Structures are given as C-alpha cells and as structure tokens.
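The values are calculated or read from the model by the stated rules, or taken from the named source; none is laboratory data. Everything numeric here is computed off the predicted structure, so don't read it as measured data. So basically every Cβ, Gly included, is an ideal-geometry build from the backbone, and we count neighbours across all protein chains shown.
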Amino acid sequence: MWRRLGVLDLIRIGLLILGLIFVATGLLPWADAVESLAEIGPLLVFLVAIIVVAELTKEAQVFDAIAARMAVLGRGNYVALFVLCTLFASTVTIFLNLDTTAVLLTPVMLALAANSGIAALPLAMTTIWLANTASLLLPVSNLTNLLGMKELGLTATGFAARMWAPQLVSIAVTMAFLWVFFWRRGERRDLRYTPPVLRPVADRVLFGAASAGCLLFVGLLLFGLHVAIAATAAAVVVAGAFLLRARERLSWRLIPWQLVVFVTGLFLVVPTLSGNGLSALMTWLIGADGDPYRTAAVGAGLANVINNLPAFEAIETVIPVADQDRLLALLVGTNVAPLVTPWASLATLLWFESCRRHDVKVPVRRFVLTGAGLAAVGLVTTVWALVQFG
C-alpha cells in the first residue's frame, strides 16, 4: 500500500499525523481541536460530494463532449477557441470548484489538444490559471471562500454581489496574460487548427443524468441551500444513475481521501501554530490600518510560500469579524495570486501531476515568471475592483 502512495500523499498523511501529535501533546487543546473539526465537517461533506459528481460527470463524457464541441464551434480559428476555452474553464471553476478544473478538466483539454493537433501548453495553462483566478464569484468556487463564509455572514447571492466585479477583472487580466504569453501566433506557431471529429456518447442516459445533476447543484445553490446539501443531492442523482446503468464504475476510489486527510490535518496544525506565535506575526504583517491592498499582498505572498489554504487560515483568524472588506481582500490574495510556485495551491499541485502523467513538459522558469506577472497585475486590479464596486 505504501508503495502506491505518491509524494503528495505522504505529505498529506504527514500533516494529519503532525496535527494528531499536537492534540495528543496538548499543544492544541482538545476543545479547540473539536471546534476546528466541527467547523470543517460540512465542508468535507461538500468536497467529497462535489468530487464524486465531477468524477462521474467526466465518466459520463459530459466534459469530453463540451470540449470537443467547443473545438468544432471554433471552426479552426484560434481566437474563437481561446474565448470558448476560457469561458469553459471559468464556468467549471465557478460552479464546480477549482480542484475539479485542475483534476478533471486538464486531461480533457490535453486530449483535445492531441486530437486537434493543438499545442498542449496553452490549453494546460488556461486550465490552471483560470482554476485559481476564476474562483472568486461563489462560495463553492474555492475552499477558502467556504472557510471565510462563517466570518463574512453572507449568503451565496450576497457573496456574489460583493465579488462579481473582482471576478470579471481577474478573468479579463488572466485572458490578457494567456493570449500574450501562450496563445498568440508567435507562441502557438500554427495559423489554424483541425477541428476534431465528433463521436457519440457511450450512454445517453448517464450523460443526461450527469448533466441534470450538475444543473441541480447550481439550481439548489441559487435557491440558497447549503453547499453540502446541494452537492449531496447532486451526488445522489448522478451516483443513482450509475448504480442502475454502470455499477462497475462505482468504487471507493471516487472518494477523495487525499483531500479529506489534507484539510483535516491542516485544521489541526494551523490553529496550533496560530496559538503559538503565528497570529502575532500575521497581525504585524497585515497592519492595523485596514489597508485591503496590504492584506491581499500578505495573503498572496504567504500562499506562494506555504500554500493558499494554510495562508488564508493563518491570516483570517487575526482579521476582526466586522471587517468584511479586508476578509474579501484576503480571499483575492489567496485565490488570484497563488500562481508563482508549484505548491501555492492544491489545484496547482494536482495540475502538475496531471501534466506529468500526460507527458506535457511545463517550463518551470516560464511558469514562475509569467505567473508572478499575472499574480502582481491581477492582485492590484482585482483588489481595485473590490474597493470600487464590491
């Protein structure tokens, strides 16, 4: 069993073990540990359910069908394909979580590149950049958003009302960077691409059920249901269809135990560190003047150093509950800017692993430099949009 575990899996397990050691030694009081885990209980239910929905939706060929039809709709025109791909990646991120985009959409995009003779790197970079920068609009778009909802006291529609302008700006800036550094003629070499041949889906019933499950999830969110309830309902619909039509595809491997282990360990380790000096350091770094730009910058820097989830959790605890503006600015920093280091977000780690499995070479120097440019410009412009319109 240990031989089948990758390096990332061992890190996640190590994080959980470290958290349990903190509890056992009393560094993290038992009551604080229980409170922290109770806070993330509904989030873990959401994570498991939405990943199951996304995995089965991919198995039902919904993503493949959309991607292939996008390429056909583009008619060989790279500008049209670029717009369609950015809209597709943004939509999946906004409604189905950034990890879904990184884990499931990346292989679809890479397969589309192979089938259409398109360079793989532009499609891959579109996926990972928008997995991060398009995760501002809804609470479900990013786990950091869900973590901040308790302090913000906003509904899903209220959250979207505050973040619509920052989201539009961050996507627009990302599209500009993608075009200049990866999609323009000088980068992709070809003038046109060859649209793929459309193939019928293997099972129309599963395809329809998976599509209905995704629409149900979005609809329940719009009606104000908790994300855990909405995701669970969607998972029941999709898994039920597979139980009737393709039971052999249902297995325990659908359960994202790696995410559960990572998040659980994170919520034991970060409270321990916060109670032993980390909170004081974060308070000093973000300052007492309430500057949203400074708060976002600290969140962005820390996210690229240690990962955006622990960065958000460490800084969020020292922001006053009533200061919604700074908390939203922190979300901008930890969502839009984790683009520089390969470990800045869990989605980026998963994306690198997917690229490795598909033999797509990602130039690390180019990834870091272009990511740093997008992080800097995206951070400033998105926080500006938050201050002006959010």
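Data overview
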{"item": "Residues of the stretch 95-110 satisfying the condition of being without any contact (Cβ under 8 Å) to a residue 60 or more places away in the chain, within 16 Å of Asn145 (Cβ to Cβ) and part of a helix (DSSP H, G or I)", "result": "Thr100"}
{"item": "Unique residue being outside any helix (DSSP H, G or I), modelled with pLDDT of 85 or more, over 24 Å from Ala67 (Cβ atoms) and out of contact with any His (no Cβ under 9 Å at 6 or more places or on another chain) when the list is Leu154, Leu146, Leu137", "result": "Leu154"}
{"item": "Filtered residues of the stretch 97-107 (kept if more than 12 Å from the chain's Cα centre (by Cα) and buried (at least 23 other Cβ atoms within 10 Å of the Cβ))", "result": "Thr106"}
{"item": "In the stretch 342-378, the residues that are at pLDDT below 85 and among the charged types (D, E, K, R)", "result": "Glu353, Arg356, Arg357, Asp359"}
{"item": "Any hit, the stretch 41-56, residues being surrounded by fewer than 17 Cβ atoms within 10 Å (Cβ to Cβ) and small (Gly, Ala, Ser)", "result": "yes"}
{"item": "Test: residue in the stretch 62-75 that is over 30 Å from Arg185 (Cβ atoms) and touching a residue at least 24 places away in the same chain (Cβ under 8 Å)", "result": "yes"}
{"item": "Selection status of Phe352, in contact with a Leu (Cβ under 8 Å, 6 or more places away or on another chain), among the aromatic types (Phe, Trp, Tyr), assigned to a helix (DSSP H, G or I) and buried (at least 16 other Cβ atoms within 10 Å of the Cβ)", "result": "no"}
{"item": "So Gly275, is it out of contact with any Phe, Trp or Tyr (no Cβ under 9 Å at 6 or more places or on another chain), in contact (Cβ under 8 Å) with a residue 40 or more places away in the chain and small (Gly, Ala, Ser)", "result": "yes"}
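Table: residues versus (1) among the small types (Gly, Ala, Ser); (2) assigned to a helix (DSSP H, G or I); (3) without any contact (Cβ under 8 Å) to a residue 40 or more places away in the chain; (4) more than 30 Å from Leu206 (Cβ to Cβ).
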residue	(1), (2), (3), (4)
Ala235	yes, yes, no, no
Val238	no, yes, no, no
Ala322	yes, no, yes, yes
Leu328	no, yes, no, yes
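Yes or no, residue by residue, for (1) under 18 Å from the mean Cα position of the chain (by Cα); (2) more than 28 Å from Leu37 (Cα to Cα):
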| position | (1), (2) |
| --- | --- |
| Val201 | no, yes |
| Phe207 | no, yes |
| Ala231 | yes, no |
| Phe242 | no, yes |
| Thr264 | yes, no |
| Ser274 | no, no |
| Ala280 | no, no |
| Gly299 | yes, no |
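Yes/no per residue for (1) more than 16 Å from the chain's Cα centre (by Cα); (2) touching a residue at least 12 places away in the same chain (Cβ under 8 Å):
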| position | (1), (2) |
| --- | --- |
| Asn132 | no, yes |
| Glu151 | yes, yes |
| Trp179 | yes, yes |
| Arg204 | yes, no |
